[in-house]
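The values are calculated or read from the model by the stated rules, or taken from the named source; none is laboratory data. These numbers come from a predicted model, not from an experiment. Backbone-built Cβ (ideal geometry, glycine too); neighbour counts: all protein chains shown.
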Amino acid sequence: MNFSLMTIEEVLQLQEEKKVTPQQVWDFFLRKREEWEPRINSFITVINRMEGNGIPAGIKDNITVKGLRTTCGSRMLDNYIAPYSATAWERLSSAGFSLSGKTNLDEFAMGSSTENSYYGPTKNPWDLERSPGGSSGGSAAAVAAGMVKFALGSDTGGSVRQPSSFCGVVGFKPTYGRISRFGLVAFASSLDQIGIITNNVKDSAFVFSTIAGHDPRDSTSSRVPVPDYREIFTEVPGKFTFAFPDDEVLERAEPEVRKEFSLFINLAKKLGGRGKQVKMPLLNYAMEAYYIVANAEASSNLARYDGVRYGLREKAKDLLEMYIKTRTSGFGPEVKRRILTGGFVLSRGYYEGYYGKAVSFRRALASFMEEIFSSAEFLLIPTTPHTAFKLGEKHDPIEMYLEDFFTVFVNLAGLPAISIPWGLINGLPIGFQIVSRWYNEIGMFRLAYLMEKEISFKNKLIQKEV
Ligand code: GLN
């Protein structure tokens, strides 16, 4: 039996009917891990002990699991053992899921390729010379290769959706506040959300309803009730309305991607959608605003790694030298760049010009999105400008930042979005996003499911039995 091709619900059903045991499920995925992991480096820590229902999860290594190392892909936390578990993992564990390991990521989730990891890059299982995307590249690659049934990532500016597009899997980021951030190591707190990576839409919704919901340990956690998974797919959307961006925005994507995207739009229309093209001029500034806000918050959040409280401590003759040595050797170049620019945009004299403006922009963007969603239920938009790029190909940081053009506005506005695989371009996967208004995850999942059924995408990596 190929458990990769089933939904979580189907696997649980088979267990209930005593047709398979948790051990059989666990062993199936373990064999996949043995086959793939040496080639693609998806994990920083692997776990060999089965628990509960044996359905294995990958957890990004910036989400804590009590008693295990949480490195954040950084030398700074190479020896850091988490004293408590993240709420998201606690809920998964109580629901019976097993942990397969902690997945690789760009250092502190800063990056779009997983190349910023202290533990070396993860490789894209579709083409080992290419990046799986980032920063949740380890999670996306592990799901795509069928090593785990699902994985958690974090999405601050696209880190769940972009690698999902590059790896041909489903990447979902909820409304800000839906999933507790307790136990998620902070990068940019007002943007960070835990997201879910799976091989199908139903599993995404299943995991979502297992982990979402209010948590008193996260003060930004929302009290809006979470839909029960079983209710999500009972109704199918009949007729619906959607918006999609005009050419000015779409030109940011490569011609091949634009061509495929127009077919995606056609499919939405065929399925009962009434689509209208909208101008989205504010998207031109989203990337700049994102890197100001994210770096400002990062510079503050990362001040805690001082050699005293967590992880690495370098030997030195006095306290000041210890701070300097620890932070110099503990952080990689991208993290340092962000701490420096983040400190700069918050400094006296520059604050109003940079941080202040970015914050007002964010408000303007939210009203703009509100306006879009007043006349359309969904926004359909590409996830990435192209398919997976080669490892080592992007040297210029700005070029790497441009990878996020289609994803960061979603985080700045706090919206939910899902990237679903559409097809292949020259043998490499590409995904497209469905964005919806705040808290309409149900509607978004239903449409994603409806479209998924019509899209003939097959992840060829998981077809084979082992
Ligand atoms: N690539 C973006 C960045 O480098 C997004 C990262 C993320 O979502 N964690 O900041």
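Points to keep in mind about this one:
- Output for the range 217-243, where each listed residue is under 29 Å from GLU403 (Cβ atoms) and either over 22 Å from the mean Cα position of the chain (by Cα) or in a helix (DSSP H, G or I) (or both): PHE242, ALA243
- Subset tally (residues that are polar (S, T, N, Q) and within 25 Å of VAL25 (Cα to Cα)) for the range 123-156: 3
- Within the range 85-98, one or more residues are among the polar types (S, T, N, Q), in contact with an Asp or Glu (Cβ under 7 Å, 6 or more places away or on another chain) and within 22 Å of ILE47 (Cβ to Cβ).
- Tally of residues being within 16 Å of the ligand (Cβ to nearest atom) and of a type in the set (Phe, Trp, Tyr) across the range 329-359: 1
- Selection status of LEU365, away from the ligand (no atom under 16 Å from the Cβ), touching a Pro at 6+ places or on another chain (Cβ under 9 Å) and either touching a residue at least 12 places away in the same chain (Cβ under 8 Å) or assigned to a loop (DSSP other than H, G, I, E, B) (or both): no
- Hits in the range 308-346 - residues which are in a loop (DSSP other than H, G, I, E, B), modelled with pLDDT of 95 or more and under 24 Å from GLY111 (Cα atoms): LEU312, PHE331, GLY332, LEU346
- Qualifying residues in the range 356-385 (those that are charged (D, E, K, R) and more than 30 Å from LYS269 (Cα to Cα)) - the one surrounded by the most Cβ atoms within 10 Å (Cβ to Cβ): ARG362
- Some residue of the range 88-110 being within 16 Å of the ligand (Cβ to nearest atom) and either closer than 20 Å to ALA205 by Cβ or modelled with pLDDT under 95 (or both): yes
- Those residues of the range 349-362 which are of a type in the set (Ser, Thr, Tyr) and assigned to a loop (DSSP other than H, G, I, E, B), in sequence order: TYR350, TYR351
- The lone exception for ALA294 - which of (1) outside any helix (DSSP H, G or I); (2) of a type outside the set (Val, Ile, Thr); (3) at pLDDT 95 or above it fails: (1)
- Flag if ALA388 is within 15 Å of the ligand (Cβ to nearest atom) and either farther than 26 Å from GLY177 by Cβ or surrounded by fewer than 16 Cβ atoms within 10 Å (Cβ to Cβ) (or both): yes
- The number of residues in the range 309-325 that are without any contact (Cβ under 8 Å) to a residue 40 or more places away in the chain and in contact with a helix residue (DSSP H, G or I) (Cβ under 8 Å, 6 or more places away or on another chain) comes to 4.
- Within the range 204-220, the set of residues being buried (at least 19 other Cβ atoms within 10 Å of the Cβ), of a type in the set (Gly, Ala, Ser) and closer than 18 Å to ASP192 by Cα comprises ALA212 only.
- Top-ranked residue of the range 102-114 - restricted to ones that are among the charged types (D, E, K, R) and outside any helix (DSSP H, G or I), ranked as surrounded by the most Cβ atoms within 10 Å (Cβ to Cβ): ASP106
- Of the helices (runs of 4 or more DSSP H) that lie entirely inside the range 115-216, those containing 3 or more residues that are within 16 Å of the ligand (Cβ to nearest atom) span 137-144, 161-167.
Conditions tested, residue by residue: (1) within 16 Å of the ligand (Cβ to nearest atom); (2) buried (at least 17 other Cβ atoms within 10 Å of the Cβ); (3) within 25 Å of GLU35 (Cα to Cα).
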residue	(1), (2), (3)
VAL410	yes, yes, no
PRO416	yes, yes, no
LEU428	no, yes, yes
ARG437	no, yes, no
GLY443	no, yes, no
LEU447	no, yes, no
LEU450	no, yes, no
LYS453	no, no, no
ILE462	no, yes, yes
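- Qualifying residue in the range 242-259 (condition: closer than 24 Å to ILE196 by Cα, among the small types (Gly, Ala, Ser) and away from the ligand (no atom under 16 Å from the Cβ)): no
- Scanning the range 230-240 for residues that are surrounded by fewer than 18 Cβ atoms within 10 Å (Cβ to Cβ) and either of a type in the set (Phe, Trp, Tyr) or in contact with a Ser or Thr (Cβ under 7 Å, 6 or more places away or on another chain) (or both) gives a single hit, PHE233.
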